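Inspection log for the structure reproduced underneath, given as structure tokens.
Rule-based calculations on the coordinates, nothing more; no lab input. Remember, it's a predicted structure, so these values are computed and weren't measured experimentally. Neighbour counts are summed over all protein chains in view; Cβ atoms, including those assigned to glycine, are modelled from backbone coordinates with ideal geometry.
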Amino acid sequence: MPSCFHPAAWLATGLLVCISGCAPEAINGSAEADGAAARPVVIQLNWHAETEHGGAYAALASRAYQRRGLDVEIRPGGPATPVAADLASGRCQFAFANADDVALYRQQGVAVVAVLAAMQNHPRCILVRTDSGITDLDHLDGLILQRQPGRPFLEFMRRRGLLEGVQEVPYTGSVAALVTSENVAIQAYSFAEPLLAEQQGVEVTPLMVSQLGWNPYSSVLVTTESLIDEQPELVRDVVQATREGWREYLESPEPANRLILAANHQGMTAEALQYGALQMRQLALPAGAEPDSLGRMSVQRWETLVAQLAELGLVDPDVVRAEECFDASFIDAADPGEI
């Protein structure tokens, strides 16, 4: 498998999957719109329903979407979910992604825009067994690393020589191989897989990729430029309801976690979700952050990300401009006229 990421081929594959695949199981919420017709909205997840999507499920559980006259359907995803294709085709109006995904989508001509970023710090880590003796990302040589090929964080690590001597194999979506062998490491999120491994009796060490300087926003709610232009009031309502959901999730995740468990058929447990919600608080509101900063984004962070992706040869900075990757105006917008 080639070591370089080819977005065009990846997007084309996504479009094919979008056309030929079946819709995944979804969770819906009916609207309360004072007698008005509910506005249908589909939110496509970029992975199986987990903690990283807690704000959307919390908004569903608390009826935050419904109170704004929205009939929201949340569709779980997986490793091959064609988020960009689904947005481009109108199969969904909103989706979850990471900030680097947004830049890659735009490089391929899909005008995706980030409108809310739940996690200020990225949860990406390389998970190793503690008994491997590895304590930092400089000493991974000799390991078998399960990962999704083509992810930009891998290219970032590869350029720094951190994957030399590492055997890369496909990521299976579970901790099983890590549990059975001290020579296996897996890509992971710090709020999920560590507890799953420890529940199976294996002590693990998460090595945070953000410590290398790779720290794109995560759990980003995205939509399209066309929807922003044509239905700004819809975007405003979805953004504000989702932000309200994230506030509720960080304070009391249990109602949303029950919905997540109902949607997740990949071995997720209530204990893992509770653990993840505790970790999420530190990622969404890092030490010293004001509560009102939840979900916000800055052009400086986007400029750093675009520059990193350009250095890796994954985007052309003349095509992907940081200021066009996100729109923060909906977080505080009180009515469509202010947008």
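Observations, loosely collected:
- Cut-off 13 Å between beta-carbons: net charge of the residues surrounding residue 256, Lys and Arg +1, Asp and Glu -1: -3
- In a reduced charge model with +1 at each Lys and Arg Cβ and -1 at each Asp and Glu Cβ, the chain shows a dipole moment near 420 debye about its Cα centre.
- DSSP beta bridge pairing in the chain, given as percent antiparallel to the nearest 5: 60 percent
- Between residue 307 and residue 258, the simple label model (points 7 Å from Cα in the Cβ direction) yields a spacing of 4.8 nm.
- Taking Cα atoms only, the orientation of helix 254-263 departs from the longest principal axis of the chain by about 80 degrees.
- A simple spin-label model places the labels of residue 131 and residue 91 4.4 nm from each other, with each point 7 Å out along Cα-to-Cβ.
- Value at 222 nm in deg cm²/dmol, rounded to 500, when DSSP H runs of n ≥ 4 in the chain each add -39,500 (n - 2.57): -11000 deg cm²/dmol
- Karplus 3J(HN,Hα) series, Hz, for the range 85-92 with 6.51 cos²θ - 1.76 cosθ + 1.60 (x for Gly, Pro): 5, 5, 5, 5, 7, x, 5, 9
- Close amide-amide hydrogen proximity is noted between residue 204 and 130, each under 5 Å apart and 5 or more residues distant or on a separate chain (H modeled in the peptide plane; Pro and chain starts excluded).
- FRET efficiency, residue 282 to residue 169 (Cβ-Cβ, R0 25 Å, nearest 0.05): 0.25
- Computed from the Kirkwood radius of its Cα pairs, the Stokes-Einstein diffusion coefficient for the range 124-212 at 25 °C and 0.890 mPa s stands at 193 µm²/s.
- Each Lys or Arg adds one and each Asp or Glu takes one away; over the other residues whose Cβ falls under 15 Å from the Cβ of residue 311, this sums to -2.
- ³J(HN,Hα), Karplus 6.51/-1.76/1.60, whole Hz, each residue of the range 221-232, x for Gly, Pro: 7, 10, 8, 10, 4, 5, 5, 4, 5, 8, 9, x
- Contact order for the range 76-164, expressed relative to its length and based on alpha carbon pairs under 8 Å spaced 6+ residues apart, stands at 18 percent.
- Extension gain for the segment residue 177 to residue 212, taken as residue separation times 0.36 nm less the Cα-Cα distance, is 10.0 nm to one decimal.
- Cβ-based exposure ranking for 268, 119, in which fewest neighbours within 10 Å come first: 268, 119
- Residues whose amide H comes within less than 5 Å of that of residue 116, counting only those at least five positions distant or on another chain, are 221 (H built at 1.01 Å from N in the peptide plane).
- Under-5 Å amide H pairs with residue 148, H placed in peptide plane, nonlocal only: 171
- Here the relative contact order of the range 124-212, from alpha carbon pairs under 8 Å that lie six or more residues apart, stands at 48 percent.
- Within a Gaussian network of the chain (alpha carbon springs, distance under 10 Å), most fluctuating of 49, 262, 287: 287
- Using alpha-carbon coordinates, inclination of helix 299-311 to the longest axis of the chain, degrees: 50 degrees
- Relative contact order %, the chain, counting alpha carbon pairs below 8 Å whose residues are six or more apart: 26 percent
- Summed residue charge, Cβ within 12 Å of residue 143's Cβ, Lys/Arg positive, Asp/Glu negative: -2
- Gaussian network model of the chain, springs between alpha carbon atoms under 10 Å - residue of 53, 139, 122 with greatest fluctuation: 139
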